[in-house]
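The structure appears below as C-alpha cells.
The values are calculated or read from the model by the stated rules, or taken from the named source; none is laboratory data. Predicted model only: the values in this text are computed from it and were never measured. Cβ atoms come from the backbone with ideal geometry, glycine included; neighbour counts cover every protein chain shown.
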Amino acid sequence: MSAEGTTRQNPRTWHLGLAAAGVINAGLFWVAFGNVLGEDIPGTPNAFWFGVLVAGYFVIRGRRSIVAALALPVLFGVAEWIATVIAIVVEGVVYLPPGAGWGAPISDPYLPAHGMTMFVAGAAEGAMAAATVFLFHAAADRKRALPSILICSLAGGVLGALGFRLGWFTQSGTPTQAWAFAVLYLVWQTGMGLVMGLAWPAEEAETNTLALAP
C-alpha cells in the first residue's frame with residue numbers, strides 16, 4: 001500500500017540580508033559617483049550590481065542556482081531601464097510644460113522630477129524586482145507570491161517618491177538631480193531589500209509519497 005503525505009506550509013522566513021545588499025550597493029555607488037566624482041549615478045549599472053549582491057546573498061544562503069545567479073543582475077538592470085522609460089513617459093504625458101522637450105524634468109539636471117512620476121516608476125521597478133527574486137528563490141506558487149509582489153510594488157512607489165524628494169530638498173545651494181538620485185538609490189534599494197525580505201511569500205514543503213510494504 002502507499003500513503004501520500006500532505007503539503008504543509010513552512011514557517012515564514014524573513015530574508016533581512018537583502019536590506020544589507022541594498023545599502024551596500026547603493027552606498028558604494030553613492031561614494032564612487034555621487035560623492036567623490038560629483039557625477040550622476042548611472043541607473044542601469046547600479047541596478048545590475050544590486051542584482052549581483054542579491055544573487056550573492058542567496059548563494060551564501062546555499063541556493064546555488066547558476067541560472068538564478070546570472071538572471072538576477074540582468075533582470076534588475078532591465079527593470080531599472082524600464083522604470084526610467086516609464087518616468088520619462090509619465091513626465092511627458094502628465095507634466096510636460098509648454099515648449100519643453102520630451103521628458104524635460106528627467107533630462108534636465110536642474111529640474112526636479114515630480115513625486116507621482118517617481119512613485120509610478122518606483123512601483124513598477126519594485127514589482128519587477130520582487131517578481132524576479134520571488135520567481136527564482138521563493139519556493140511558493142505564483143498565487144501565493146502575488147500579494148507579496150503587490151506589497152513590494154506599493155513600497156517601491158513610496159520609496160521612489162520619498163527618496164527623490166528627500167535627496168532634492170536636503171541639498172544646499174542649487175539642487176541637482178545627481179545628488180537627488182544618489183539619495184534615491186540609497187533609500188530605494190535599502191528599503192526594497194528590507195521589504196522583499198519581510199514580505200517573503202510563505203513557502204511550501206514538497207509533498208512526499210511514502211511506500212509501505214503490504
Margin query: Test of understanding: among Ala71, Ala55, Ala87, Ala100, which residue is modelled with pLDDT of 85 or more and either in a loop (DSSP other than H, G, I, E, B) or touching a Pro at 6+ places or on another chain (Cβ under 8 Å) (or both)?
Written below: Ala55
Next item on the list: Select from region 146-180 the residues that are without any contact (Cβ under 8 Å) to a residue 40 or more places away in the chain and of a type in the set (Gly, Ala, Ser) and write down the one among them that is surrounded by the most Cβ atoms within 10 Å (Cβ to Cβ).
Entry: Gly156
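Scanning region 189-211 for residues that are in a loop (DSSP other than H, G, I, E, B) and surrounded by 20 or more Cβ atoms within 10 Å (Cβ to Cβ), which turns out modelled with the lowest pLDDT?
Of everything passing the filter in region 189-211, Pro201 is modelled with the lowest pLDDT.
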Check: at pLDDT 80 or above, over 21 Å from Ala68 (Cα atoms) and either surrounded by fewer than 20 Cβ atoms within 10 Å (Cβ to Cβ) or among the basic types (Lys, Arg) (or both) - does that describe any residue in region 118-133?
Finding: no
